[in-house]
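S.K.: I'd like to ask you about the structure that follows.
Each reported figure results from applying straightforward, stated rules to the coordinates on display, with no laboratory input. The structure displayed is predicted, hence computed values, not measured ones. FYI the Cβ positions are ideal-geometry reconstructions off the backbone, even for glycines, and counts take in every protein chain you see.
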Amino acid sequence: MFTQFYDNLSIGLATAFSVSNLFYCFIGVFLGTLVGVLPGVGALAAISLLLPVTFHLDATSAIVMLAGVFYGASYGGSTASILLNLPGTPSAAVACLDGYPMSRQGRAGVALLMTTVASFIGGSIGIVIMMLFSPLIVEYALKFGPAEYFAMMVLGLIAASTISSGSALKGIAMVVFGILLGTAGSDLETGVARFAFNIPELYDGVSLVVVAMGLFGVSEVIASIRTIRRGEVDRKSITFRSMIPTRDDVQRSWKPILRGTGLGSFFGALPGTGGVIASFMAYAIEKKLSKDPSRFGQGAIEGVTAPEAANNAADQTAFIPTLTLGIPGNVVMALMLGALTIHGIVPGPQLMPKHPDIFWGLIMSFWIGNVLLVILNLPLIGLWIRLLVIPYHLMYPAILMFVCIGVYSVNNAPFDVFMVMVFGVLGYAMRLLQFNPAPLLLGFVLGPLMEENLRRTLLISRGDFMIFLERPISATVIAITVGLLIWAAVGSYYARPLKAVAAKAP
Amino acid sequence: MLTRDYRDIIGGGSLLALGLFAGLYATTEYSVGSVQHMGPGMFPAALGFLLAALGAAIALPALFRPGLLPRPEIRPLVATAASIVLFAATIRTAGLVPAVILLTVTAALGDNKLGWIAIALLSAILSIFAVLIFIVGLDMPLQLFIWPNRWL
């Protein structure tokens, strides 16, 4: 077993250290830090924007780059939180609570350094966990049949749509809408072009690039044009000297960092949870364990480091279900899965044995990416601070330009650009009506796989749905799904008075 | 505060309509088959009716509770949508540079922070960026300008 582990490592290292992969890893984490720092442009929009570029790359470089954007954004996200009290990414929202008070006390440098250290430790431990557990899961998952797959996908989608934010009912509706959208295009078995309405451009359905860019890129621009604010940063206050933490800072931080990492690693691997929930929980736990909880919110260093460690660990372990089972736990992972599918690689238990270079190369690139991020975030902090003050009204026409040219370049089709507008307006309407576009995209990516596995299952069982309950693994998964649904239903019943109060507030 | 939660009535109602349409379209246009041998219509039809049910479940309770209706930001919405459509319409007929300039100018009108000179400068800078990144850098088969005599 150890020799195999060693072989895998060397395959991974050889792949990750190839010149092109190093280059795309750098591009990924650089862009990730950039969009993480800039409020109003998220990792999701950035990854959607980069999808067309990945058509020109080989599969490993593509996934290495996209992954870099994802975890790079988590590093960068906390910078805007600390300096401006504006979270660059949702998972960095917690960093505002104590990070911004620290910068008002003139300790922004310490906060920035300690979050980078915490992110690095959290990320590194997350990678180790991924390396150890993935092979075990793959070995187990190779025994799965279509029934198990279908059940797991249903669980993943239900978890992702009910646990996250907002109404569970609306989340599930969005998943169903997404799956329905995914059925458009030619049917796998008969070749019938479904929902094409005699428009030749729709015979193959809508592409992931179009849906993702519309829902996350364009609608974000529409919503941000009038609402985004920019702050002023005192650039000179952040020097190397100001970054040196006191002995007290370090002593207060190392245990919270480890606890945060543990939480993050666990929640990252579960479907539907991930970095945002892990970081909020890490904050709550540190506050509870603290001897003096009143320090929290006043610039407590552990209120910054624990959540940062948690969300970076979660970012790494989120790859476990995606790469070992082919079931993405969140919408960014769904995009990764889509990017691999574009290259003809089906993520799932077969990925590791069939394409060890992609799997282990990606994991090894995480190490390189994390080291690059430390370099990008500490010595180059001045660059990012300068970018923080670029006004949004100069930025959004550029974003729209990248969206349009990017989408057009995939098929040289003006029709695709037009569809991006349709999905952009749809996404904006969904925002206004408080529907979350993330479950829609998850359903869209998983839909075709679900249909395929469902059809196969029922063909094997001669149309008997009991097969899902007769097979022990799928029965367990279905039981968990039903439990989640009941929990969500009960939860929404009790939460109703609370939500009514919250609705009155603004 | 309105007497009814129009936000969820509109949202749920649209999903109800969309679901019913998809379900009925799939059952009438495509063969449904049997559960054992599903036709192309079975899965979309089931999803359509499920979506309709979920839409009804969202809209119905909203009829009996007060709520707020958010106002869309019309100007950014129209400017953004128009800029994308103009790009789609001109990229094949006029070329990359005119398409980018049209896109930038229209998009910039979504906000009132930029004057005409600033907009002109921004569109010039973005056109240069577009050419450098996509044609020089990524070597994409895009044409800079397409002169009118080509249309004839």
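S.K.: Taking amide H positions as placed in the peptide plane 1.01 Å from N, state which residues far from residue A:193 in sequence (5 or more) or on other chains have amide H under 5 Å from it.
M.R.: A:187
S.K.: Lys and Arg at +1, Asp and Glu at -1: add these up for the other residues within a Cβ distance under 13 Å of residue A:97 and post the number.
M.R.: Summing Lys and Arg as +1 and Asp and Glu as -1 gives -1.
S.K.: Moving on to the next point. Are there any helices in chain B, counted as whole DSSP H runs, that stretch 27 Å or more along their axis by Cα and score at least 1.0 on average by Kyte-Doolittle, and if so which?
M.R.: B:42-62
S.K.: Once you charge only the Cβ atoms, +1 for Lys and Arg and -1 for Asp and Glu, what is the size of the charge dipole of region A:314-461 about its Cα centre, to the nearest 20 debye?
M.R.: The calculated dipole for region A:314-461 is roughly 100 debye.
S.K.: Let me ask you something else. For helix A:168-183, report the angle its Cα long axis makes with the longest principal axis of the Cα atoms of chain A; keep it between 0 and 90° and round to the nearest 10°.
M.R.: Value to nearest ten degrees: 50.
S.K.: Could you derive backbone 3J(HN,Hα) for region A:94-104 from the dihedral phi with the Karplus parameters 6.51, -1.76 and 1.60 (θ = phi - 60°), listing whole Hz in sequence and x where the residue is Gly or Pro?
M.R.: Going residue by residue, I get 5, 5, 5, 4, 10, x, 5, x, 4, 6, 5 Hz, with x marking Gly and Pro.
S.K.: Using Cβ counts within 10 Å as a stand-in for footprinting exposure, how do B:3, A:79 rank, fewest first? Walk me through the numbers before you get to the answer.
M.R.: Values: B:3 10, A:79 29.
Least crowded to most crowded, the residues run B:3, A:79.
S.K.: Okay, moving on. Taking amide H positions as placed 1.01 Å from N in the peptide plane, with prolines and chain starts having none, which residues 5 or more places from residue B:33, or on another chain, fall under 5 Å of its amide H?
M.R.: B:39
S.K.: Ok, one more. Please rank A:158, A:480, A:467, A:47, fewest neighbouring Cβ atoms within 10 Å first, as an exposure proxy. Present the calculation step by step, with values, prior to reporting the outcome.
M.R.: Numbers: A:158 23, A:480 14, A:467 19, A:47 29.
The fewest-first ordering by Cβ neighbours comes to A:480, A:467, A:158, A:47.
S.K.: What's the magnitude of the charge dipole for region A:146-228 around its Cα centre, counting Lys and Arg as +1 and Asp and Glu as -1 at the beta-carbon? Answer in Debye, nearest 20.
M.R.: 380 debye
S.K.: From Cα pairs below 8 angstrom and at least 6 apart in sequence, can you work out the relative contact order of chain B, rounded to a whole percent?
M.R.: 22 percent.
S.K.: Taking springs between alpha-carbon atoms closer than 10 angstrom, which of B:110, B:55, B:39 fluctuates most in the Gaussian network model of chain B?
M.R.: Between B:110, B:55, B:39, it is B:39 that shows the largest mean-square fluctuation.
S.K.: Considering only the other residues whose Cβ falls under 11 Å of the Cβ of residue A:111, what net charge follows from Lys and Arg at +1 and Asp and Glu at -1? Provide the component values of the computation, followed by the final result.
M.R.: On the way: positive: A:104, A:107; negative: A:98, A:249, A:308.
Residues near residue A:111 contribute -1 overall.
S.K.: Please list, ordered by chain and number, the residues whose modelled amide H lies under 5 Å from the amide H of residue A:55; skip anything fewer than 5 residues away on the same chain.
M.R.: none
S.K.: What is the angle, in °, between the Cα long axis of helix A:59-84 and the longest principal axis of the Cα atoms in chain A? Nearest 10 is fine, range 0 to 90.
M.R.: Result, in degrees: 40.
S.K.: Could you give each residue of region A:43-52 its phi-based ³J(HN,Hα) in whole Hz, using Karplus coefficients 6.51, -1.76, 1.60 with θ = phi - 60°, and x for Gly or Pro?
M.R.: Rounded to whole hertz, the list is 4, 4, 4, 5, 5, 4, 4, 7, 3, x.
S.K.: Considering the options A:96, A:59, A:342, tell which one lies farthest towards the positive end of the dipole of region A:2-504, charges being +1 on Lys and Arg and -1 on Asp and Glu at the Cβ, about the Cα centre.
M.R.: Checked the options; the winner is A:96.
S.K.: Still on this model: Using just the helices of chain A, give the 222 nm mean residue ellipticity in deg cm²/dmol: DSSP H runs with n ≥ 4 each add -39,500 (n - 2.57), and the total is spread over all residues, rounded to 500.
M.R.: On the way: 24 runs with 374 residues, N = 506.
Helices in chain A give a 222 nm mean residue ellipticity of -24500 deg cm²/dmol.
S.K.: Moving to a separate point now. Would you mind ranking A:86, A:335, A:258 so that the residue whose beta carbon has the fewest other beta carbons within 10 Å leads the list?
M.R.: Numbers: A:86 20, A:335 27, A:258 16.
Final ranking by Cβ density, sparse to dense: A:258, A:86, A:335.
S.K.: Additional query: Using only alpha carbon pairs under 8 Å that are at least six residues apart, calculate the relative contact order of chain A and give it in whole percent.
M.R.: 27 percent
S.K.: Treating only the Cβ of Lys, Arg, Asp and Glu as charged (+1, +1, -1, -1), what charge dipole size does the protein assembly as shown show about its Cα centre? Round to the nearest 20 debye. Don't skip to the answer; put the middle values down first.
M.R.: Details: 37 positive and 31 negative charges, 387 e Å.
Charge dipole of the protein assembly as shown: 1860 debye, to the nearest 20.
S.K.: Sticking with this structure for a sec: Below 19 Å, Cα to Cα, which aspartates and glutamates can residue A:288 reach? Residues fewer than 8 away in the same chain don't count.
M.R.: By straight Cα distance, residue A:288 reaches A:98, A:249, A:302, A:308.
S.K.: Then there is this: Please report the net charge: other residues with Cβ closer than 11 Å to the Cβ of residue A:428, K and R +1, D and E -1.
M.R.: Residues near residue A:428 contribute -1 overall.
S.K.: Right, another one. Using θ = phi - 60° and the Karplus form 6.51 cos²θ - 1.76 cosθ + 1.60, what ³J(HN,Hα) does each residue of region A:119-126 get, whole Hz, x for Gly and Pro?
M.R.: Whole-Hz 3J(HN,Hα) from phi for region A:119-126: 4, 5, 5, x, x, 4, 5, x.
S.K.: Could the peptides A:247-257, B:132-142 be put in order, highest first, of the mean number of other beta-carbon atoms found within 10 Å of their residues?
M.R.: So the peptides A:247-257, B:132-142, ranked by packing, come out A:247-257, B:132-142.
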